[in-house]
Amino acid sequence: MNKMKNDLYLRTLRGEKVERTPIWVMRQAGRYLPEYREVRKQAGDFLTLCKTPELACEVTMQPIDRFGLDAAILFSDILTIPDAMGLELVLEEGIGPVFNKPVRSEAQIHKLSVPDAEDDLGYVMDAVRVIRKELDGRVPLIGFTGSPWTLASYMVEGSGSKDFRRIKGLMFESPQAAHTLLQVVTDSVISYLKAQVAAGVQSLMVFDTWGGVLSTADYKVFSLAYMQQIVSALKSDEMTKDIPVVLFTKGGGPWLEMMADTGCDGLGLDWTVDIADAKARVGDRVVLQGNMDPVLMNTGQQQVRDHAMLVLEGYGQHEQSDKGHIFNLGHGIQPFAHPDNMQALVETVQGNSQQFHKQADVTQTND
Ligand code: CP3
């Protein structure tokens, strides 16, 4: 395999002018890959896979080896934190993640405490160390967390939800208890992300998968304020201050300015956002990551190539004042995606994005 060092993704996140657009894909290691399904079968279940650093490393590497993506993402899950808080995560086949002991009372909220990242979540840090060693500088490693709001939603609902009846009930009826819950989750997230950086991750992403179900007023108070705490904590710590942080609120298109105000380095965009519009609004302040509709990965290669070009053209030329673009889907790749489409996507972005980086060429020839 190609062992060449590739730090294009990190240079882009630092706002440097680069020669082409980097690409990685949310959920790039997963069930659409036959080699993932094989290792998952060997492991027996998803959590064993997450909790066995050598296997987590193996599946992290699979999409890097197969497609030559520009960044690797730690194989784990956002629900490791509530699991470590004692909620007992299980992944039910065909249902998704479920907690055996969901948070259903204020008394339970007051009993929650911050897990020890190196002890209770030591398997995640072990996986990071094993993966960094295996990557050997080939591409950067992304660490991640769920946002406090998204984690609290799963903790209170006990599983995925369509209407968020329980967490919103708590938020509207007992806002103080909701804030107590969000605060202990936030403190856990901060300690968890710092430990991931200490173990070797080179950038961080916050998945606010469910922020978009809130009103603007509630988003500010119950989701964004806690992501702000996370960004501030990371940016004021010597060890983490230079680690780029990307925030992704699915459905967060209306709130990009407020999200950029947190001082984060990048924003993930879902596919409903017009990337040219996002660039005009916040492109001089943050790197934009996204945002092709993931369902295209279940269609044909021509559709994938055409739509990838539309996203690149949507961002357009990278001018001096633009922070930059990282190609990704607008949400995770689905289990029905065709691996050949991922190949077509990577080829399209890596082979055709140079034309949008003319400024980079100018700087390079002047050197
Ligand atoms: O991106 C990657 O390749 C890294 C690994 C990763 C997983 N989950 C692996 C996984 C990441 C970054 C996540 C994040 C995650 N987990 C999110 C935020 C991102 C998003 O998609 O919005 C959320 C909401 C979760 C919670 C969760 N875990 C869900 C909804 C599911 C899927 C349930 C299902 O059956 O589809 C999981 C399980 C999970 N996490 C799988 C993988 C590969 C599937 C597990 C399997 O059956 O093998």
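The values are calculated or read from the model by the stated rules, or taken from the named source; none is laboratory data. Please read these numbers as outputs of a predicted model, since none were measured by experiment. For neighbour counting, all protein chains shown are included, and Cβ atoms are generated from backbone atoms with ideal geometry for every residue, glycine included. With ligands, DNA and RNA removed, areas are computed over all heavy atoms of the protein, side chains included. Shrake-Rupley method; radii C 1.70, N 1.55, O 1.52, S 1.80 Å.
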Next on the checklist: Any residue at all in region 152-161 that's more than 15 Å from the ligand (Cβ to nearest atom), touching a residue at least 60 places away in the same chain (Cβ under 8 Å), outside any helix (DSSP H, G or I) and on the phi < 0 side of the Ramachandran plot?
Outcome noted: no
Checklist entry - Can you tell me which residues in region 73-104 are near the ligand (Cβ under 9 Å from one of its atoms), among the aliphatic types (A, V, I, L, M) and out of contact with any Asp or Glu (no Cβ under 7 Å at 6 or more places or on another chain)? => result ILE73, LEU74, ILE78, LEU79, ILE95
Item to check | Wholly enclosed strands (runs of 3 or more DSSP E) of region 165-273 bearing at least 3 residues at pLDDT 95 or above and not small (Gly, Ala, Ser) | outcome: 203-208, 245-249
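Within region 78-113, restricting attention to residues that are assigned to a loop (DSSP other than H, G, I, E, B) and in contact with a Phe, Trp or Tyr (Cβ under 9 Å, 6 or more places away or on another chain), which residue is nearest to ASP65 (Cα to Cα)? Before you say what the answer is, go through the steps one by one.
Kept after step one, since they are assigned to a loop (DSSP other than H, G, I, E, B), are these residues of region 78-113: 78-79, 88, 93-95, 100-105, 112-113.
If we keep only those that are in contact with a Phe, Trp or Tyr (Cβ under 9 Å, 6 or more places away or on another chain) too, we end up with 78-79, 88, 102.
Details: ILE78: 24, LEU79: 27, GLU88: 33, PRO102: 38 Å.
Restricting to residues being assigned to a loop (DSSP other than H, G, I, E, B) and in contact with a Phe, Trp or Tyr (Cβ under 9 Å, 6 or more places away or on another chain), the top hit is ILE78.
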Checklist outcome for this item: Within region 235-250, residues open to solvent by 30 Å² or more (accessible area, probe 1.4 Å) and within 16 Å of the ligand (Cβ to nearest atom) come out as LYS250
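Given GLN176, GLN228, GLN202, GLN183, which one is open to solvent by 20 Å² or more (accessible area, probe 1.4 Å) and within 16 Å of the ligand (Cβ to nearest atom)? Talk me through it step by step, then tell me what you get.
Details: GLN176 fails: within 16 Å of the ligand (Cβ to nearest atom); GLN228 fails: within 16 Å of the ligand (Cβ to nearest atom); GLN183 fails: within 16 Å of the ligand (Cβ to nearest atom).
Matching residue, one of GLN176, GLN228, GLN202, GLN183: GLN202.
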Checklist entry - Quick one: how many residues across region 279-332 are assigned to a loop (DSSP other than H, G, I, E, B), open to solvent by less than 70 Å² (accessible area, probe 1.4 Å), under 22 Å from LEU256 (Cα atoms) and not acidic (Asp, Glu)? => result 9
Checklist outcome for this item: Of the conditions (1) under 30 Å from VAL349 (Cα atoms); (2) near the ligand (Cβ under 9 Å from one of its atoms); (3) free of Cβ contacts under 8 Å to residues at least 60 places away in the same chain, the single one that GLN62 does not satisfy is (2)
Checklist outcome for this item: Those residues of region 340-351 that are surrounded by fewer than 16 Cβ atoms within 10 Å (Cβ to Cβ) and either under 12 Å from THR21 (Cβ atoms) or touching a residue at least 40 places away in the same chain (Cβ under 8 Å) (or both) come to a total of 2
Next on the checklist: Out of the residues in region 129-147 meeting the condition of being over 16 Å from GLN196 (Cβ atoms) and of a type outside the set (Asp, Glu), tell me which one is farthest from the ligand (Cβ to nearest atom).
Outcome noted: GLY137
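Table: residues versus (1) of a type in the set (Phe, Trp, Tyr); (2) crowded, with 19+ Cβ neighbours inside 10 Å; (3) modelled with pLDDT of 95 or more; (4) near the ligand (Cβ under 10 Å from one of its atoms).
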| residue | (1), (2), (3), (4) |
| --- | --- |
| LEU8 | no, yes, yes, no |
| LEU13 | no, yes, yes, no |
| GLU16 | no, no, yes, no |
| GLU19 | no, no, yes, no |
| TRP24 | yes, yes, yes, yes |
| TYR32 | yes, yes, yes, yes |
| TYR36 | yes, yes, yes, yes |
| THR48 | no, no, yes, no |
| LYS51 | no, yes, yes, no |
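Based on this model, can you work out whether ALA276 counts as open to solvent by less than 60 Å² (accessible area, probe 1.4 Å), out of contact with any Lys or Arg (no Cβ under 8 Å at 6 or more places or on another chain) and small (Gly, Ala, Ser)? Steps first, answer last, please.
Values: open to solvent by less than 60 Å² (accessible area, probe 1.4 Å): yes; out of contact with any Lys or Arg (no Cβ under 8 Å at 6 or more places or on another chain): yes; small (Gly, Ala, Ser): yes.
Taking the combined requirement at face value, the residue satisfies it.
Going by what's in this entry, would VAL128 be described as β-branched (Val, Ile, Thr), out of contact with any Asp or Glu (no Cβ under 8 Å at 6 or more places or on another chain) and closer than 22 Å to SER191 by Cβ? Outline the logic, then answer.
Details: β-branched (Val, Ile, Thr): yes; out of contact with any Asp or Glu (no Cβ under 8 Å at 6 or more places or on another chain): yes; closer than 22 Å to SER191 by Cβ: yes.
So VAL128 passes the test.
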